[in-house]
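I have placed the structure first, in the form of C-alpha cells, so that the comments after it can refer back to it.
The values are calculated or read from the model by the stated rules, or taken from the named source; none is laboratory data. Nothing here was measured: the structure is a model prediction, and the numbers come from that model. Neighbour counts run over all protein chains shown; Cβ positions are idealised from the backbone, glycine included. Quick note on the areas: whole protein, heavy atoms, side chains included, nothing else; ligands and nucleic acids left out. Shrake-Rupley method; radii C 1.70, N 1.55, O 1.52, S 1.80 Å.
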Amino acid sequence: MADAAAQVIHARDLHRQSRWAEACDAFLLADRGVPLGVEDLELLAECAQILGRGADAVRALDGAYHARVRAGEIDAAVTSGFWLWHALILDGEFARAAGWAARVRQLVAEHPGGDEQGWLLVTQAYGQLAAGEYEDAARLTRRAAELGARQGVVDLFAFATTVCGRALLKAGRLAEGLSRMDEGMLPVTEGATSPRVTSMLYCSAIATCHDALELGRVREWGRSLDGWLDTLPPLHGAYFGNCRIYRSLLMRLQGSWQAARDELDAVCIELAEGYGRLVIGHAYYYLAEMHRLLGDEEAEDAYRRASDLGEPVQPGLALLRLSQGDVGTAATGIRRALAEARSDLDRCRLLPAQVMIMLAAGELDEAKGGVEELVAISDTFPTAAMRAELEGARAAVAMAEGRPADALPLLRAASATWRELDAPYETAKVSVLIASACRDLLDEEAAVFELRAAADAFARLGARPDLRRVEGLLAPTTAAHGLSAREIEVLRLVADGKTNQAIAAELFLSERTVDRHVSNIFDKLGVRSRTAAATFALEHRLFPAGIRRPARQ
C-alpha cells in the first residue's frame, strides 16, 4: 500500500513536470496495485491523450466518469464525458462517440436544477458545424464560453470562444470571428490552458485562419506554437502530431520547404500504426502538397493515402494532374470539389486553382465565373492574401484575353502584397506572370529581370517544377533563325507536345495569339508541321540542354 501511494505521488510529480510518458507509465503501474482515485484517473487520461495512447485514455475516462456519477459530481462527470467523446472522435469512432454524447445528455436530464453544461453545449456545437449550421454553432459556443467564464473554467472558456470564432468565420462574419478567436487564444498563448486544450486550440485557430487566408495570425500563432513545442520533451501521438502539422504550415509559408516535408513525413510515420485516424489523413494531404511543390514522385502515393483515410484531396490533386498535362482530369476534380464545397471558406480554398485549371482547359467563361465568385467572397473575407489571390486570378484572365497591359497593374499589386506577407513562393509565381506580360509588351529586359528573381526564389525553396519552367523561359532570347523570345517560348511548348489551347493557358495568351505565333514559327523555320518545328529546334540547339524529345504529332 505504501509503495502504491508513493508511486502515485511520483506520477503526479511527473505530470506537473510535463513528463507525460513517464507519468502515464507510473500511473498505470500504481493502478495495478491499488485502483487510482478519480482525480488521478483524470490525470492519467490527460497524459494518455497527449501521448496518443487512446485505449488507455478511454479506459481512464470511463472510470473517472462513473466515479463522478456515483459521487453525484455531475459537472465533473460531464467534463470526463466530453473528453471521452473527443478521444473517440479523434480516432474516427463516431458511433461510439455519439453514444457517449447521448449518455451525458441523459445524465444531465436526470439531474435537473443545476447549471447548463458548457462542455455538453460544445459537443452539440460540433454537430451544428458539421451540418453547416454555423449561426447555431456560434450561439451554443457563445453560451458555453459564458458558463466557462462565470465558473472560472479557463479550458472551457478558451475552447468554446475559439470554436465560436471558427463558427462565425464559417458564417462569413470575419471581423467578429477573428475577434472571438483572439479572445479565446489569449489564455492559450499566456500558458493558462491545459496541455491538451493548448494543442487543440493552436491547431484549430491556425487551420481556420489558414483557410480564411488570414496569414498574419497564421504566422503569429504559428510562432507561438513553435515556441511552446520547444519547451516540451519530444512528443508523439495525435494531439501533438496535429500541432506539428500546423507547425509545418508555418515552415512552408516562410520558405523552409524541406524542413516542412520532413516534419510531415515524421508525423505520418508515427501515426500510421496508432491512434488518431482523423489527424493522419490531414497529415498525408499536407505531405502530398509538399511533395507536389518540391517535384517529388511520392506526391501521388501521399494523395492516395490521404483519400483512403477520408481526407479531401483538392485542390492539390487537381494541380498535380495539371502539372502532368492531364487537364481534363484536373478540371473534373476541381469541378467536383466545388460542387461539394458548402461554405465560402471551403470555396475560397478551391477557386484560385479552379481559375488556373479552367484557363488551361480553354474554358474562359468558367474561369471568369471563378473570378466573379472570388470577388464576392473577398467582400466577406477582405484579407490581404485574399486580395492578392483575386488580383492574380483577374490578371490571368486578362492575359488569356490578350490584355497584358490590363494585367500588369493587378500583378504588381499582388506582388507587393505577397512581399509584405513575406510569402516567397507566391511572390515568385507572380513574378513569372509579370515576365509573361512584359514579353507580350515587348519589354524583354524587364521580363528577364522578373524571371531571374523567380528562378533564385524557386532554387532557394527547392521548387524544382517551377524552376525548370523558369529556366526554359530564360532560354536565349535571340535566335539565329529570327525567332522572338515569345516564339522561342511557344516553340518549346510545341516540342513538349502541347496543343495551342494548352500553350495559351500556360502563357496566359489568347488561343488566337498562339495560333499566330505558331504560324510565324513555321514561316521562319521553313517547316510545315509541329513535329518538324520541334525537331528543327532540337537539332539547331535552340533550347537549353535537357528538354524532352518532341512528342509524336
Please verify whether E46 is out of contact with any Leu (no Cβ under 9 Å at 6 or more places or on another chain) and part of a helix (DSSP H, G or I), treating the condition exactly as stated. yes
Check on G227, outside any helix (DSSP H, G or I), open to solvent by 30 Å² or more (accessible area, probe 1.4 Å) and farther than 22 Å from P382 by Cα: no
Test V69 against the criterion of being more than 38 Å from the chain's Cα centre (by Cα) and assigned to a helix (DSSP H, G or I), and give yes or no. yes
Tell me yes or no: at least one residue of segment 480-489 is at pLDDT below 75 and of a type in the set (A, V, I, L, M, F, W, C). yes
On the given criteria, is W221 among the aromatic types (F, W, Y) and open to solvent by less than 10 Å² (accessible area, probe 1.4 Å)? no
Which listed residue, of L178, L120, is open to solvent by less than 30 Å² (accessible area, probe 1.4 Å), in contact with a Phe, Trp or Tyr (Cβ under 9 Å, 6 or more places away or on another chain) and not small (G, A, S): L120
For segment 379-407, which residues satisfy the criterion of being hydrophobic (A, V, I, L, M, F, W, C), open to solvent by 30 Å² or more (accessible area, probe 1.4 Å) and over 20 Å from D344 (Cβ atoms)? A405
Return yes or no: is E444 open to solvent by 10 Å² or more (accessible area, probe 1.4 Å) and within 21 Å of L293 (Cα to Cα)? no
Is it fair to say F94 is aromatic (F, W, Y), over 23 Å from A192 (Cβ atoms) and free of Cβ contacts under 8 Å to residues at least 12 places away in the same chain? yes
So which residues in segment 408-425 are touching a Lys or Arg at 6+ places or on another chain (Cβ under 9 Å) and assigned to a helix (DSSP H, G or I)? L410, A413, A414, T417, W418, P424, Y425
Here the qualifying pairs (Cβ atoms under 6 Å; residues six or more apart or on different chains; first in segment 134-157 and under 10 Å from G118 (Cα atoms); second among the β-branched types (V, I, T)) come out as T141/V163; A144/V122; A145/T161
For segment 73-101, give me each residue that is small (G, A, S) and within 16 Å of A45 (Cβ to Cβ). A76, A77, S80, G81, A87, A97
What are the residues in segment 306-350 that are assigned to a loop (DSSP other than H, G, I, E, B), under 19 Å from G281 (Cβ atoms) and among the small types (G, A, S), if any? G310, A341
May I ask you to list the residues in segment 460-479 that are at pLDDT 95 or above, open to solvent by less than 60 Å² (accessible area, probe 1.4 Å) and not in a loop (DSSP other than H, G, I, E, B)? L461
For segment 78-99, give me each residue that is open to solvent by less than 50 Å² (accessible area, probe 1.4 Å), in contact with a helix residue (DSSP H, G or I) (Cβ under 6 Å, 6 or more places away or on another chain) and more than 26 Å from G152 (Cβ to Cβ). L88, I89, L90, D91, G92, A97
How many residues are modelled with pLDDT under 80 and in a loop (DSSP other than H, G, I, E, B) when one looks only at segment 498-553? 17
All but one of (1) at pLDDT 95 or above; (2) within 25 Å of D91 (Cα to Cα); (3) open to solvent by 50 Å² or more (accessible area, probe 1.4 Å); (4) not acidic (D, E) hold for G310; state the number of the condition that does not hold. (1)
Scan segment 48-71 for residues that are free of Cβ contacts under 8 Å to residues at least 24 places away in the same chain and open to solvent by 30 Å² or more (accessible area, probe 1.4 Å) and jot them down. R59, D62, H66, R70
I'd like to know if segment 242-249 contains one or more residues that are more than 29 Å from I377 (Cα to Cα) and either within 16 Å of the chain's Cα centre (by Cα) or among the charged types (D, E, K, R) (or both). yes
Residues located in segment 281-305, provided they are more than 20 Å from R460 (Cβ to Cβ), open to solvent by 10 Å² or more (accessible area, probe 1.4 Å) and part of a helix (DSSP H, G or I): H282, Y284, Y285, Y286, E300, D301, R304, R305
Just to be sure before I move on: is A192 crowded, with 20+ Cβ neighbours inside 10 Å, of a type in the set (A, V, I, L, M, F, W, C) and in contact with a helix residue (DSSP H, G or I) (Cβ under 9 Å, 6 or more places away or on another chain) in the structure I sent? no
Go through segment 494-506 and give me each residue that's in contact (Cβ under 8 Å) with a residue 12 or more places away in the chain and surrounded by fewer than 23 Cβ atoms within 10 Å (Cβ to Cβ). D496, G497, K498, N500, Q501, A502, E506
Is there a residue in segment 276-286 that is touching a residue at least 40 places away in the same chain (Cβ under 8 Å) and in contact with a Ser or Thr (Cβ under 9 Å, 6 or more places away or on another chain)? yes
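Residue-by-condition table, conditions (1) under 22 Å from T193 (Cα atoms); (2) at pLDDT 90 or above:
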site	(1), (2)
A57	yes, yes
D62	no, yes
S80	yes, yes
A109	no, no
Need at least 1 residues that are in contact with a His (Cβ under 9 Å, 6 or more places away or on another chain) and not β-branched (V, I, T) per element, so show me which helices (runs of 4 or more DSSP H) inside segment 136-218 make the cut, counting only ones lying wholly within it. 195-211
